[in-house]
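Computed from the coordinates by the stated procedures, all read-outs in this text should not be read as laboratory data. The model shown is predicted, which means the values in this text are computed figures rather than measured ones. Here the Cβ is made from the backbone with ideal geometry for all residues, glycine too, and neighbour counts use every protein chain on show.
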Amino acid sequence: LCCDVETGVLWLGTQRKRQRKRKDKGICGRFSDLAHKSNISEQEAQSKSKVCANVFCGAGRECAVNEKGEPSCLCIEQCKPHKRSVCGSNGKTYRNHCELHRDACLTGLKIQVAYDGHCKEKKQEKAAASPVVCYVADRNELRRRVIDWLQTEVVPDGWFTKGSNFTDILLKYFKNYDSGDSQLDSAELLKFIQHNETAVQMNSYAEEENNRLLRSLCVDALIELSDENADWKLSFDEFLNCLKPGFNPPEKKCALEDETYEDGAETQVECNRCVCACGNWVCTAMTCDEKSPVIDTDGDQEMTEEEWTRRVAELNKHQETVEKMKTSTKDV
C-alpha cells in the first residue's frame with residue numbers, strides 16, 4: 001500500500017507494476033499532516049538549536065526562543081527521569097541534580113547539593129523541628145508520575161477497532177474509585193493513586209511513614225488545585241482538569257503581614273516552625289516549655305495549645321483574604 005502525498009493518489013503494488021489506483025484523501029491526508037507536522041517540528045528544533053547555540057544558562061535553566069526569536073533562559077520545564085538522589089542544603093531529598101537546581105530556579109531560593117543520597121534524619125531540638133509538607137515541586141512530581149502512568153494505558157484507534165484515549169482511561173478509574181456520589185474525596189483519590197504503587201512512590205524522607213504522609217498531603221494539594229467549588233471533592237470534570245497533560249499548575253504564594261513568600265519559605269512563632277507549601281502556611285503544633293527559645297520578646301506569656309491553633313488559623317485566613325483581594329483586583 002503506497003501513497004503519493006503530493007497528488008493524493010493511493011495505489012497498490014510495486015513501482016514496476018501498479019495494478020490499481022484510486023484517490024483516498026483520508027489516508028493520504030494523514031500522511032500529509034504527519035509530514036507537515038514533522039517538518040514544523042524539525043524547523044523549530046533547528047531554529048532553537050541555532051539561536052541557543054552560544055547561550056549558556058545556569059543550573060536549573062534551559063535556553064528557549066521567545067516570541068521575538070531571541071534566546072531566553074527559563075527554568076527547566078521537565079528533568080530527565082533518571083534517579084540519582086541527592087540531599088539539598090535545605091534538608092530535602094531530590095530525585096537527581098537537575099530536580100534540585102530546577103526547584104531552586106522555580107522557588108528563587110539558593111539550594112546547593114549537600115551530599116549524594118537521601119538526606120539523613122537529624123535529631124533536632126523542638127525549636128528546630130519542621131512539619132512534613134507537600135511543596136509545589138512534590139505536588140507537581142506526583143501529578144507528572146500519575147499522568148505518565150495513565151498515558152502508558154492509552155490505546156490509539158486501529159483500522160477496525162476503537163482504542164482508549166486519555167479521557168476514557170480517566171473515566172474508567174473515576175468510576176472504579178467513586179463511592180457512588182459522582183465525586184472523589186481525598187481518600188478515594190489516594191486509593192486511585194495507590195493503584196500503581198511503583199509509579200507514584202515518593203522518597204523525599206528517610207522514614208517511610210513520613211513518605212506516606214507526604215503522599216497524602218500531596219493528594220490534598222492536587223484536590224485543591226482543581227476544586228473549583230471548594231468542597232474538597234473532585235467531580236469528573238475537575239478530576240480531568242487536574243490531570244490534563246496540557247494543564248500548567250499555578251504557583252500560589254503565602255501571605256503574612258502584607259508580604260508574600262515563595263514556596264518553601266519559613267517563619268517561626270515561639271518554638272513552632274511554619275512553612276509555606278502550595279500557598280498555605282503549615283506549622284508544627286508542639287507545646288512550648290521554658291527551655292524552648294521564644295521569638296517574641298514583648299513579655300507576653302507563652303501561647304496555650306488553643307491559642308496556637310487559633311494563630312495558625314489566622315495565618316491561613318489572612319492568606320485567603322489576600323488571595324480574594326488579588327482576584328478582585330484582576331476582575332476590575
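Annotations for the structure displayed:
- Over segment 52-120, relative contact order from alpha-carbon pairs under 8 Å, at least 6 apart, %: 30
- The trypsin sites (Lys or Arg not before Pro) found in segment 62-96 that occupy coil by DSSP, while having at most 10 further C-beta atoms within 10 Å, are Lys68, Lys83.
- In plain terms, the residue of Trp232, Trp159, Trp149 with the fewest other Cβ atoms within 10 Å comes first and the most crowded comes last, giving Trp159, Trp232, Trp149.
- Seen from Ser85, the other residues with C-beta closer than 10 Å to its C-beta sum to a net charge of +1, counting Lys and Arg as +1 and Asp and Glu as -1.
- Computing FRET efficiency as 1/(1 + (r/R0)^6) for Asn248 and Met286, where r is the C-beta to C-beta distance and R0 is 41 Å, gives about 0.65.
- Fully extending the segment from Asn229 to Ser130 would add 32.5 nm, taking 0.36 nm per residue of separation and subtracting the current Cα-Cα distance.
- Taking 0.36 nm per residue of separation and subtracting the current Cα-Cα distance, fully stretching the chain between Asp237 and Phe166 would add 24.2 nm.
- In plain terms, the chain from Trp149 to Asn66 could stretch by 26.7 nm, reckoned as 0.36 nm per residue minus the Cα-Cα distance.
- Overall Cα dimensions of segment 52-120 - principal axes, largest extent first, Å: 47, 23, 17
- Each Lys or Arg adds one and each Asp or Glu subtracts one; over the other residues with Cβ under 13 Å from the Cβ of Val133, this totals 0.
- Taking 7 Å steps out from each Cα toward its Cβ at Ala114 and Ser49 produces label points 4.2 nm apart.
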